[in-house]
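J.: One structure coming up, written as structure tokens, with questions to follow.
The values are calculated or read from the model by the stated rules, or taken from the named source; none is laboratory data. Quick caveat, the model's predicted, so the values are computed rather than measured. A quick note on method: Cβ atoms are made from the backbone with ideal geometry, for glycine too, and the neighbour counts reach across all protein chains shown. The protein model used for the area step is the full one, side chains on, heavy atoms only, and it has no ligands, DNA or RNA in it. Shrake-Rupley method; radii C 1.70, N 1.55, O 1.52, S 1.80 Å.
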Amino acid sequence: MLKVKSVHTYYGNIHALKGVSLHVKAGEMVALIGANGAGKSTLVNTICGLNRAQKGTIEFQGQAIEGLSPEDIVQRGVALVPEGRQIFSTLSVEANLEMGGFIHRRNSRQLRDDMARMLERFPILRERSTQLAGTLSGGEQQMLAISRALMSRPQLLVLDEPSMGLAPLVIKEIFKIIQELRKEGRTILLIEQNARAALQIADRGYVLETGKVVLQGEGAMLLEHREVQRAYFGKG
Ligand code: ATP
């Protein structure tokens, strides 16, 4: 579904991605892990059109998407749940969901149906539907960011560090939701610093280090891999 080939991205003179290749097949959950500054967000932003790849290709559903605008990429079926959630805190929960469904704005019935489904799916959001999004807890805001992305009816859901800044119990809840989405057959690219949690639920994973993929394989295999254990779990 998604094929990233030999992508290079720069910030001025800083060579942030040095020939990164990865792929995500339909129905798969793929984890991308790596330390601070490894280039995870740069890669996500390059896929979603927020950064430009200076070299390399990005294909989605068989078509080149590198160089397209972020809006065009959403329209093609890639939805991003950004790092830090970036909900519209001065708008209501409902208005946030509407923004996510802007692609379907032409058909307001479809938008209403999608919204109803989302509020049914996340009862806590229904309870708070008229509240300003900024008054939600961190976990609720993350749920809102995920449902806002789902409102665009994506083929591929890209989650950038969904556990960031959340308490351990809340992280568990968010990972449960991500796992449920996977079971429903959604295709997911999950970016995480929390390597263990991500690899435990992912089909496959990639380890990024200073702008390069240094390891890749099945989630369970990477969890047991010596290098991953040493670098991320302080073992060996
Ligand atoms: P984090 O977990 O901190 O978000 P990351 O793995 O997502 O880390 P990136 O944010 O993609 O890493 O950063 C990759 C490299 O690019 C780092 O060396 C970083 O300092 C640099 N970088 C990121 N954003 C910019 C920017 N806007 N301008 C200049 N350099 C940047």
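J.: Convex hull over the Cα atoms of the chain, averaged projected area in nm²?
T.: Details: hull surface 50.8 nm².
Taking a quarter of the hull surface, the average projection is 12.7 nm².
J.: For the chain, what is the relative contact order in percent, using Cα pairs closer than 8 Å and at least 6 residues apart in sequence?
T.: Relative contact order comes out at 28 percent.
J.: Next up: With charges only on Cβ, +1 for K and R and -1 for D and E, what is the dipole size of the chain about its Cα centre, in debye, rounded to 20?
T.: Magnitude of the dipole: close to 260 debye.
J.: Segment 115-195: which GluC sites (Glu not before Pro) are DSSP loop and have at most 13 other beta-carbon atoms within 10 angstrom?
T.: Glu184
J.: Can I ask one more? Quick one: with all protein chains in place, what share of the accessible area of the chain is carbon or sulfur, to the nearest percent (1.4 Å probe)?
T.: 48 percent
J.: Past 29 Å, Cα to Cα: identify those pairs from Lys55/Lys183; Lys18/Lys176; Lys25/Lys55, in the order given.
T.: Cα-Cα > 29 Å for Lys55/Lys183; Lys18/Lys176; rest within.
J.: Next question, about the same structure. For segment 1-100, what Kirkwood radius comes out of the mean inverse Cα-Cα distance, in Å?
T.: Evaluated on segment 1-100, it is 14.7 Å.
J.: Still on this structure, please answer the following. Would you kindly derive the ³J(HN,Hα) couplings of segment 74-85 from the backbone phi angles with the Karplus curve 6.51 cos²θ - 1.76 cosθ + 1.60 (θ = phi - 60°), listing them in order in whole Hz, with x for Gly and Pro?
T.: Whole-Hz 3J(HN,Hα) from phi for segment 74-85: 4, 4, 6, x, 10, 10, 9, 9, x, 4, x, 6.
J.: ³J(HN,Hα) across segment 151-162 via Karplus (A = 6.51, B = -1.76, C = 1.60, θ = phi - 60°), whole Hz, x for Gly/Pro?
T.: Each residue of segment 151-162 in turn: 4, 8, 6, x, 8, 10, 9, 10, 10, 9, 6, x Hz.
J.: Using a 1.4 angstrom probe on the protein heavy atoms only, line up Lys18, Lys183, Lys40, Lys55 by accessible area, largest first.
T.: Output order, biggest surface exposure first: Lys183, Lys55, Lys18, Lys40.
J.: Turning to a different aspect of this structure: If contacts are Cα pairs under 8 angstrom and at least 6 residues apart, what is the relative contact order of segment 39-110 in percent?
T.: Averaging sequence separation for qualifying contacts and normalising by length gives 22 percent for segment 39-110.
J.: Would you kindly calculate the translational diffusion coefficient of segment 156-227, applying Stokes-Einstein with the Kirkwood radius from alpha carbon pairs, for 10 °C and a viscosity of 1.306 mPa s, and quote it in µm² s⁻¹ without decimals?
T.: In µm²/s, the coefficient rounds to 124.
J.: Enumerate the aspartates and glutamates that Lys172 could reach by cross-link, defined here as Cα to Cα under 19 Å, with residues fewer than 8 away along the same chain left out.
T.: Glu83, Glu140, Asp160, Glu161, Glu180, Glu184, Glu192, Asp203
J.: When Lys and Arg each count +1 and Asp and Glu each count -1, what net charge do the other residues less than 13 Å away from Ala35, Cβ to Cβ, add up to?
T.: -1
J.: Kindly write out, for segment 139-148 in residue order, the coupling ³J(HN,Hα) from the Karplus curve 6.51 cos²θ - 1.76 cosθ + 1.60 (θ = phi - 60°), rounded to whole Hz, with x marking Gly and Pro.
T.: x, 5, 5, 5, 4, 5, 4, 5, 5, 4
J.: For Val207, Val170, give the ranking by accessible area with the largest first, probe 1.4 Å.
T.: I get Val170, Val207, largest accessible area first.
J.: Counting only the heavy atoms of the protein chains, how much of Tyr206 is accessible to a 1.4 Å probe, in Å² to the nearest 10?
T.: 0 Å²
J.: Now, a different point. Name the aspartates and glutamates eligible as straight-distance cross-link partners of Lys3: C-alpha to C-alpha under 16 Å, and not fewer than 8 places from it in the same chain.
T.: The reachable aspartates and glutamates, counting only those whose Cα sits under 16 Å from Lys3, are Glu28, Glu59, Glu66.
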